[in-house]
Structure formats: C-alpha cells, structure tokens
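Scroll down for the structure; my scribbles are underneath it.
The values are calculated or read from the model by the stated rules, or taken from the named source; none is laboratory data. Computed from a predicted model, the values in this text were never measured in an experiment. Positions of Cβ are backbone-derived with ideal geometry, glycine not excepted, and every protein chain shown enters the neighbour counts. SASA here: full protein model, heavy atoms, side chains in, ligands and nucleic acids out. Shrake-Rupley method; radii C 1.70, N 1.55, O 1.52, S 1.80 Å.
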Amino acid sequence: MVAGSNVTGAATQPPARAFGLANLLILVAAGLWFLSWGYTEMAGADMWWHVAAGRELVQTRTLWMVDDWSFTAHGKDWLNHEWLADLLYYAWVSAWGVQTLVYWKWLLLLATFSMLLLALTRSSGSPLAALGCSALAMANAAPFLDVRPHLYTLLGFSLLLLLRLQRQTSTWLLALVFLAWANLHGGVFFGLMALGILLFPWREPSIAGIRGAALVGLVCVLACLLNPSGYKLFLYPLAYAFDAASPFRTIGEWLSPFEPGGITSPLFFYLVWLSLLAPAYLLPAVRRNLDVPWEGMLLTALTLAMALTSRRFIPLFGISLAVMLAPLLALCLRQLRIERFSPALALLALLAGLFRVLPYPIQAAPAFHYLVAEYSFPVDMLDFMAANRIEGKVYSLWNWGGYIHWRTDGALKVYVDGRADTIFDDQIYLDYVAVLGSRPGWLELVEASGADYVLWPHSRGNGQEKLRELLVTGCWRPVYSDAVS
C-alpha cells in the first residue's frame, strides 16, 4: 500500500524537470512581454532637464541648487528632490551617450516587473498566475513609462513588495532602500504609506507587533530625512496634494483620468472593475483555500483613490491590483487544473512575447529617436543657434525648456519649463497658459516678459497665428525657421 501510494502521488504531480522548464520559459516570456511594453513614445521635456541637472551638479559641486536656466526665476532656490537620479542620468550619458538612455529605461523596467513577478509567485504559489498579473500591471502602466525618475518609484514599490510581502526583512536593509529612494524621486512619500500597510501585523495583531512595525517605519522615515531638502521632501507632496487652487494641478499628466487631455491608460478603465473582486476572498469556499491578502486589498484601495485623483498614479494601482488578484487567479488555475499545462502555456507566452518585440528596434539610436519623439524637438533650430552663438532670453514651449537646457547649458534662458512649481510661481505659469492658448493679450504678455526671442512650433499652440501676429507688430523679425519650429 505504501508503494502504491507513492506511485499514485508521483503520477499526479508533474516531474520536477517540467516545473523547472516551465518556470524558465515563464521568466523568459515575462522579460519579452515587459520589454515589449517599454516602447512608449512620449515627447516629455523632463528627461532633458534631468540630464542637464546632473551636469549642473557636477559643474557646481553642490547639492543645494539654484536656478540658472530661466530669466523669470534666475537665482531662486530650486527644490530638486531627484538630484541622485540626475547624477545617475548624467553619469550614464557621459559614459555611453544620451541615446543609450533607452537601455537604462528597459533595464529599469525589466528589474521592476521581474521583482513584481517574483513577489507574486511567492505570494500566490503560481508562476503562471504571477506572469498574468504582472503582465497586466505593466500593460496598464505602459502609457506612462517614459524616460524620467518616476520609474524609480515603480522600482522601489516592487522592491518593497519583494522584501516585505509575506516575509520579514532586515530593518537596516529597508532603511537603505528608503535612503536611496528619498534621493531618487519624490514618490518615496507613497513608499512610506505602502510600507505602513506591509508592516502592519494583519494576521496576528498585537501590541508588540504594532510597536515593532512602528519602530521599523520610524527608522525608514529618519532615513528619508537624509536628503538635501530635509523635511521639505515631505512637505512638497503634501502641499501639492491639498492645494486644490494650484494652477500646476491642471497640467495634463496630473489630471483625473476622467478629464480630457493628458496621458491616459485605456486598460485602467477596465481594471478598475477588477478591484470589486476583493470581497471574493471572504467567501467560505475561497477562505478554505486562501488567506486574505490584506496588504494587496489595502494597497489597491489606496492607489485606486490616488489614481482617480491623478492619472500619474495609475501604474501604482496596477501593481497593487496584481498583488490582490494573484492568489485568486492562482486558485482558479488550480481548481481548473490548468497548471498541469504550464510548460505549454509558458511556451505560448514566450512566442507571443517574441512576436510583440520583433517589430521594435533594439538599437539605441532609432529606439531613442522614436521613444522620446526627438523629431518633435527643435534640433535643427538649436544647431543653428549654437553655430551662430545666439544667446539671451527665449520665450519657448514648456516641453522644449528641458531640451534647451541640455543643448545650451544656460546660454539660452527660458521663460518657464517642466520643473513647474519646484521653481516657478503660479502667475508665471498662468501667463504661459494664456500665451499657449493665444488668449486676448497674449502678445502683450510675451513682450512684457522681457524675452529677446520667441521659439515656437509651427503645429502647436497656434504657431502660425503667433508668427503672423508677431511680425505684424513690426517689433519682431524672423531669424530662422525649420520644419519643426
């Protein structure tokens, strides 16, 4: 009977080699799928000024920065809470060239979502369910995955899940994570909220457990204070969140996903409804097989509230939702006995991932040109201005400010740029919006600004109309024009 039982048990479990092969195929498939969603095209200005800020840090040899790039806030203290990210950008560009930043982006995304995959595999017990949920999370985040430091917050969140989801981790390791995070991106404030949820002893609440969690959290908060801005690192996101009157909250990327304009994720509007599956964990049939994933449910509730307020938080919601859904999906796969087909399904996922990646370029130059929409920036214009040593004050498109900084290193000073309220006041931004929309009096605002030059695109912000009205005054004359500007 003993021998017979062993034979039966062996027959119902796939061989260890099959499990190893399936997991390997899942890992490779995940990498291909993650890479395929790393081709978001976005003409954002932030990447350019972050690289330029890294150069500025090296040149000035101080972490306490002042504005040297604008003529409206020149000499003003600049709250640059992403200084470490800027230094890493500049070091990377100095070593391998600006076009290779696409490799930085892909490596960061692969690391981020691979860590999420591992965390979900551990929490659900199913690599197949982890693959499905992590792929869904990245597909949801894809429209927002541009080359900018906010990717470090996604990386930090996934690392936090890997370190703390259903496991214990050294307090000092967590403190090191938050020390780095606090100097890479302001999203560390969210990281501390997520840490509180992950630290709380949900399954065995006790005074000792809560006290221990509070102590770990306090150490991590103190680690975050080790940054050039100190406690202001916490005040800035709080002021931004609660100042409903701030005009900077009308910037497209910070609008609610239900408002028109800005970046959005079509998948988000479907995933929102999946959050309603949370009560399924309270069903007796599910409770007999699964523990309630309190962390995933609370993180989903928190990030959903954030995402409904501002679309920039949609990627965090997708990651949190994956944490909540993975155990439930794993249970479904087990009940339907689908996991016995893991090697075949993993192979299909790998082939599908390969099919998705094939149309995209891997070489740095063409990928960079496409991903950052380099063709939409005034490349030829800046070449002309550099060749003719044109310097001074320029009234330019918001999105072009960072590119001008990178190309001219302060020789051309702009009216406003993507650093937003870390450097500029409300009125400067409101006047810019009036000029952008060609509202009545826009020309007087440009002339009152003291700008020597106007640099504007042909196809955006009523470019052709602006050109005609500037020339009609007789106070402005054309200097140069190209296909873009």
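Brief remarks follow.
- Candidate set from region 334-371 (those that are among the polar types (S, T, N, Q) and surrounded by fewer than 16 Cβ atoms within 10 Å (Cβ to Cβ)); member that is farthest from Thr100 (Cα to Cα): Gln335
- In summary, Tyr89 fulfils each of the numbered conditions (1) assigned to a helix (DSSP H, G or I); (2) surrounded by fewer than 23 Cβ atoms within 10 Å (Cβ to Cβ) with the single exception of condition (2).
- Selection within region 280-291 - free of Cβ contacts under 8 Å to residues at least 40 places away in the same chain and open to solvent by less than 80 Å² (accessible area, probe 1.4 Å): Ala285
- Filter result (open to solvent by 40 Å² or more (accessible area, probe 1.4 Å) and polar (S, T, N, Q)) within region 237-267: Thr250, Thr264
- Residue selection: Ala307 satisfies the criterion of being touching a residue at least 40 places away in the same chain (Cβ under 8 Å), within 17 Å of the chain's Cα centre (by Cα) and under 25 Å from Gly191 (Cβ atoms).
- Condition check for Ile423: modelled with pLDDT of 95 or more and β-branched (Val, Ile, Thr): no
Conditions (1) closer than 24 Å to Met65 by Cα; (2) at pLDDT below 95; (3) in a helix (DSSP H, G or I), marked per residue:
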residue	(1), (2), (3)
Ala214	no, no, yes
Gly230	yes, yes, no
Ala245	no, yes, no
Phe258	no, yes, no
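- Count - residues of region 455-485 that are open to solvent by 50 Å² or more (accessible area, probe 1.4 Å), charged (D, E, K, R) and in a loop (DSSP other than H, G, I, E, B): 2
- Each residue in region 216-228 was checked for being assigned to a helix (DSSP H, G or I) and over 22 Å from Met297 (Cβ atoms), and 7 pass.
- Some residue of region 372-389 being out of contact with any His (no Cβ under 7 Å at 6 or more places or on another chain), within 18 Å of Phe34 (Cβ to Cβ), open to solvent by 40 Å² or more (accessible area, probe 1.4 Å) and in contact (Cβ under 8 Å) with a residue 40 or more places away in the chain: no
- Every residue from region 180-208 that is part of a helix (DSSP H, G or I), in contact with a Leu (Cβ under 9 Å, 6 or more places away or on another chain) and either open to solvent by 60 Å² or more (accessible area, probe 1.4 Å) or without any contact (Cβ under 8 Å) to a residue 12 or more places away in the chain (or both): Met193
- Qualifying residue in region 408-430 (condition: in contact (Cβ under 8 Å) with a residue 24 or more places away in the chain, touching a strand residue (DSSP E or B) at 6+ places or on another chain (Cβ under 9 Å) and among the acidic types (Asp, Glu)): yes
- Count of residues meeting criterion [buried (at least 24 other Cβ atoms within 10 Å of the Cβ) and within 23 Å of Arg334 (Cα to Cα)] in region 133-159: 3
- Selection status of Ala119, under 27 Å from Asn289 (Cβ atoms) and at pLDDT 95 or above: yes
- Residues satisfying the stated conditions in region 212-226, i.e. of a type in the set (A, V, I, L, M, F, W, C) and under 18 Å from Pro201 (Cα atoms): Ala213, Ala214, Leu215, Val216, Leu218, Val219, Cys220
- Yes/no for Leu290 being within 17 Å of the chain's Cα centre (by Cα) and of a type outside the set (Val, Ile, Thr): no
- Any hit, region 466-473, residues being without any contact (Cβ under 8 Å) to a residue 24 or more places away in the chain, of a type in the set (A, V, I, L, M, F, W, C) and within 26 Å of Gly252 (Cα to Cα): yes
- Considering residues of region 427-454 that are over 25 Å from Val379 (Cβ atoms) and among the aliphatic types (A, V, I, L, M) only, the residue surrounded by the fewest Cβ atoms within 10 Å (Cβ to Cβ): Ala448
- Filter pass, Val216 being over 26 Å from Met138 (Cα atoms), open to solvent by less than 30 Å² (accessible area, probe 1.4 Å), touching a Leu at 6+ places or on another chain (Cβ under 8 Å) and hydrophobic (A, V, I, L, M, F, W, C): yes
- Annotation note: of Lys105, Lys76, the sole residue that is open to solvent by 50 Å² or more (accessible area, probe 1.4 Å) and basic (Lys, Arg) is Lys76.
- Check on Leu163, modelled with pLDDT of 95 or more, under 26 Å from Pro228 (Cα atoms) and open to solvent by 20 Å² or more (accessible area, probe 1.4 Å): no
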